[in-house]
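Q: Got a structure for you, questions after.
The values are calculated or read from the model by the stated rules, or taken from the named source; none is laboratory data. The model shown is predicted, which means the values in this text are computed figures rather than measured ones. Ideal geometry is used to build each Cβ from the backbone, glycine not excepted, and the neighbour counts take in all protein chains shown. Heavy atoms of the whole protein, side chains included, go into the accessibility calculation; ligands, DNA and RNA do not. Shrake-Rupley method; radii C 1.70, N 1.55, O 1.52, S 1.80 Å.
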Amino acid sequence: MATQVFKLQGMSCAGCARNIEKVIAAVPGVTTGSVNFGAEQAAVTYDDQHTSVDKIQAAIAAAGYGAQAAADDVLAPAADEEQERTAADRQLRRKVIFSGAISALLVIGSIPAMTGLMIPGWPMWLHHAWLQLVLTTPVMLWAGSSFFINAGKAFKRHTATMDTLVAIGTGTAFLYSLWPTLYPQWFVAQGLQPDVYFEAAAVIIALLLLGRLLERRARRQTSAAIRQLMGLQAKTARILRGGQPVDVAIADVLVGDIVLVRPGEKVPVDGAIMAGASTLDEALVTGESQPVQKQAGDEVIGATLNQTGSFQFRATRVGKDTFLAQIVKLVQQAQGSKAPIQRLADQVTGWFVPAVITLAIVTFVVWFTVVGNVTLALITTVSVLIIACPCALGLATPTSIMVGTGKGAEQGILIKGAESLELAHSLKTIVLDKTGTVTCGQPSVTDFITVKGTANGNELALLQLAGSLEQLSEHPLAAAVVEYAHRQQVTLVTAQDFGAIAGSGVQGAIAGRWVQMGTARWMAELGIDTQPLKAAWDQLEQAGKTAVWLAVAGQVEAVLGIADAVKPSAAEAIDRLHRMGLEVVMLTGDNRRTAAVIAREVNIHQVMAEVRPDQKAAQIAALQRTGQRVAMVGDGINDAPALAQADVGMAIGTGTDVAIAASDITLISGDLQGIVTAIQLSHATMQNIRQNLFFAFVYNVAGIPIAAGILYPVLGWLLSPIVAGAAMAFSSVSVVTNALRLRQFRPRLDT
């Protein structure tokens with residue numbers, strides 16, 4: 001199976017999106033095809049043994065739309081695409097100006113006829129039927145040509161879209177006006193006024209084109225997050241070629257190149273530091289607010305900003321494989337996906353246009369039969385056709401999803417699909433893995449207690465012995481001791497006669513002193529008295545920490561407490577989840593005592609400990625059977641089944657690729673505050689979608705009966721087709737504008 005994203009051209013409404021979906025689904029070999037009207041793209045999954053990108057493009061083209069396969073490298077310059085978009089905007093702007101100017105002349109000439117007032121000196125000649133015909137014809141044939149062309153294409157496919165409504169409405173007004181222009185005497189003979197409605201047809205087209213121009217501009221703002229991410233990439237890189245530094249374009253950097261980064265420069269691609277050290281600002285990529293210290297061996301991410309030092313690194317991922325490119329690709333996929341709530345709008349738009357055409361015909365027949373007034377029947381029919389536009393319904397959900405997923409990326413939260421964003425707001429239970437999720441995932445020294453205290457540098461001297469001995473060991477606890485010694489700026493020396501005793505500890509000679517580090521059992525076997533620090537050892541064990549003894553020349557001198565420390569923000573994040581009314585559960589394969597200690601520290605009341613990896617998914621399923629909507633948060637390979645089982649899987653971005661692949665949402669920085677932000681963003685997005693759907697439904701429910709003349713028997717007032725056109729044009733703009741309010745989203749700290 002293969003997946004391809006297509007950039008679409010020629011869509012005018014949600015009906016077009018449904019038509020393209022049907023066309024894609026009919027291509028043999030296509031598994032799924034989802035068209036997002038707001039994003040103007042289609043995501044297609046297909047069997048590459050039975051079909052191809054070219055065949056899918058051909059099918060879309062045969063339906064009257066354009067389709068361009070999106071490039072694999074999402075960060076590659078898309079100059080052609082931008083030029084095409086700019087040219088299309090320029091052409092649309094010309095049509096708006098032209099049709100607007102003509103419409104202004106037509107309306108000026110028609111004001112006396114519309115108001116019944118005779119104004120001295122008014123240019124009545126502008127209302128001459130033949131002049132209005134001459135002025136209106138280019139508006140219909142050039143400025144409004146897209147409406148009629150698209151309506152014709154839809155008719156050939158036995159479907160109907162918004163363009164069908166516009167074409168029928170304006171076409172009816174134009175053709176009816178042509179009749180009294182050519183044969184005015186017939187109307188006079190029938191006792192009718194030879195009224196023309198050329199100005200209505202022209203003004204409607206002008207307003208709709210203006211609305212489409214404003215909508216395009218507003219919709220482009222919904223993709224601001226994508227463009228901001230793309231703009232983060234450095235344009236050039238300084239690399240070593242032949243031993244000499246050379247500046248090259250970012251596209252020319254190869255895996256394995258040695259890249260030089262100076263203070264204030266952006267890291268051009270992903271890699272691992274070989275020499276030097278610095279602090280990097282990773283906020284725009286990972287959401288991490290604090291600068292991160294980097295040294296030899298550490299990984300660096302392309303597009304992050306180097307602050308203080310200089311360093312060299314070896315490029316490991318370039319082009320479409322960089323971390324930034326993967327973020328952009330995931331956000332694009334999320335923006336092109338559909339939320340379950342959108343299905344309602346899709347179902348409505350499926351029957352909406354045929355229903356409106358039927359209603360317009362009924363409206364004309366009723367008014368003409370009951371009143372016998374062809375003018376009244378014509379005005380109400382055209383108004384119904386023009387005001388009833390499914391565009392607002394089609395834009396209500398995707399525009400909010402596009403802005404919401406973009407804001408998530410800005411906050412360091414990657415949301416893979418619209419469904420995940422929708423489900424997150426209804427979560428009831430958050431299940432947290434312990435190691436690497438609640439804790440840092442790496443053991444570190446939390447306590448260093450000596451017999452003689454810190455007098456005369458005793459503590460640092462002993463730490464030098466401990467670090468010097470452990471630097472020769474490969475045990476994870478040894479790395480924690482060495483890292484702690486480095487943090488205390490202790491200089492390590494070389495140990496002699498080093499030896500490691502499996503399951504017990506290590507020993508060696510340092511500066512003529514015999515040093516041993518290990519377990520209490522080993523100390524007892526060696527006959528070393530641990531009584532001086534027994535009370536401290538008991539406290540460390542009760543706290544769920546691993547206690548390591550340090551003995552020098554057969555005498556115990558210190559005990560170290562080593563533990564997987566809780567993440568600094570974990571307790572605060574869990575407290576905020578509690579205040580949001582969510583139940584928080586810890587799920588871990590660790591022993592019950594250690595799990596209980598960590599749970600108490602972060603205020604988690606329900607703990608599932610000693611759970612094997614193959615049992616974690618079953619535990620999630622058990623919670624779901626109680627009727628709860630569950631999110632699983634984890635980072636390891638063993639968490640992948642549980643992440644997939646959960647209603648919403650959240651992976652820690654610092655974890656394994658398998659866990660990230662199995663998740664629905666990725667917290668890039670690994671900070672648990674991202675869970676709170678993701679849920680708040682889901683709430684804000686869903687509220688915005690409901691507002692949009694409410695506006696769209698209310699607009700149509702209220703607008704169509706008014707356009708049909710329901711108020712005429714009571715108030716003697718009819719909705720002008722011109723007003724109907726303005727209302728229809730700006731309904732879509734209002735929905736997109738409301739969706740853009742999500743760009744102001746900021747995580748609330750009071751929950």
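Q: Would you be able to say whether some residue in the stretch 65-76 is modelled with pLDDT under 85 and at positive phi?
A: no
Q: Name every residue in the stretch 491-504 that is of a type outside the set (S, T, N, Q) and modelled with pLDDT under 90, in order of residue number.
A: Ala500, Ile501, Ala502, Gly503
Q: Pairs needed: first member in the stretch 5-33, under 11 Å from Ala59 (Cα atoms); second member anywhere, part of a loop (DSSP other than H, G, I, E, B) and open to solvent by less than 30 Å² (accessible area, probe 1.4 Å); C-beta distance under 9 Å; at least 6 residues apart or different chains.
A: Ile20/Met11; Ile20/Ala63; Ile20/Tyr65; Lys22/Ala63; Val23/Ala63; Val23/Tyr65; Val27/Thr51; Pro28/Thr51
Q: Also: Pairs needed: first member in the stretch 682-706, within 23 Å of Trp367 (Cβ to Cβ); second member anywhere, open to solvent by 50 Å² or more (accessible area, probe 1.4 Å); C-beta distance under 8 Å; at least 6 residues apart or different chains.
A: Listed by first residue and then by second, the contacts come to Ile704/Leu359.
Q: What is the residue count in the stretch 211-243 for residues that are surrounded by 23 or more Cβ atoms within 10 Å (Cβ to Cβ) and at pLDDT 80 or above?
A: Matching residues across the stretch 211-243 total 1.
Q: Mind listing just one residue for me: the one in the stretch 152-167 that is part of a helix (DSSP H, G or I) and crowded, with 21+ Cβ neighbours inside 10 Å and, of those, modelled with the lowest pLDDT?
A: Filtering first and then ranking leaves Met162.
Q: Restricting attention to strands (runs of 3 or more DSSP E) lying wholly within the stretch 374-492, give those where 2 or more residues are open to solvent by 40 Å² or more (accessible area, probe 1.4 Å) and farther than 30 Å from Ala43 by Cα.
A: Correct list: 439-450.
Q: Would you check which residues across the stretch 605-646 are under 26 Å from the mean Cα position of the chain (by Cα), small (Gly, Ala, Ser) and within 15 Å of Glu583 (Cβ to Cβ) and list them?
A: If the condition is that a residue be under 26 Å from the mean Cα position of the chain (by Cα), small (Gly, Ala, Ser) and within 15 Å of Glu583 (Cβ to Cβ), then Ala631, Ala646 are the ones that fit.
Q: Among what's in the stretch 8-57 and is open to solvent by 60 Å² or more (accessible area, probe 1.4 Å) and part of a helix (DSSP H, G or I), pick the residue that is modelled with the lowest pLDDT.
A: Taking the candidates together, the pick is Arg18.
Q: Let me ask another. Residues being farther than 19 Å from Ile562 by Cβ and open to solvent by 10 Å² or more (accessible area, probe 1.4 Å): count how many of those fall in the stretch 503-522.
A: 5
Q: Is it true that Ala595 is closer than 19 Å to Gly441 by Cβ, open to solvent by less than 50 Å² (accessible area, probe 1.4 Å) and out of contact with any helix residue (DSSP H, G or I) (no Cβ under 8 Å at 6 or more places or on another chain)?
A: no
Q: What number of residues within the stretch 22-57 are in contact with a helix residue (DSSP H, G or I) (Cβ under 9 Å, 6 or more places away or on another chain) and among the acidic types (Asp, Glu)?
A: Total meeting the criteria: 1.
Q: Taking the stretch 41-60, which residues are among the acidic types (Asp, Glu) and without any contact (Cβ under 8 Å) to a residue 40 or more places away in the chain?
A: Correct list: Asp54 only.
Q: Filter the stretch 624-634 down to residues that are touching a Lys or Arg at 6+ places or on another chain (Cβ under 9 Å) and open to solvent by 20 Å² or more (accessible area, probe 1.4 Å) and give me whichever is farthest from Ser426 (Cα to Cα).
A: Gly627
Q: Those residues that are small (Gly, Ala, Ser) and surrounded by fewer than 16 Cβ atoms within 10 Å (Cβ to Cβ), I need them from the stretch 572-592; list them, please.
A: Of everything in the stretch 572-592, just one residue is small (Gly, Ala, Ser) and surrounded by fewer than 16 Cβ atoms within 10 Å (Cβ to Cβ), namely Gly581.
Q: Continuing with the same structure: Right, Val403: β-branched (Val, Ile, Thr) and out of contact with any Lys or Arg (no Cβ under 9 Å at 6 or more places or on another chain) or not?
A: Here the answer is no, as Val403 does not meet what is asked.
Q: Here's a follow-up. Look through the stretch 679-698, keep the residues that are open to solvent by 40 Å² or more (accessible area, probe 1.4 Å) and touching a helix residue (DSSP H, G or I) at 6+ places or on another chain (Cβ under 7 Å), and return whichever of them is modelled with the lowest pLDDT.
A: Phe695
Q: Kindly indicate the residue of the stretch 699-718 that is assigned to a loop (DSSP other than H, G, I, E, B) and touching a Phe, Trp or Tyr at 6+ places or on another chain (Cβ under 9 Å) and also least open to solvent (accessible area, probe 1.4 Å) among those meeting that condition.
A: Looking at the filtered set, the residue picked out is Gly709.
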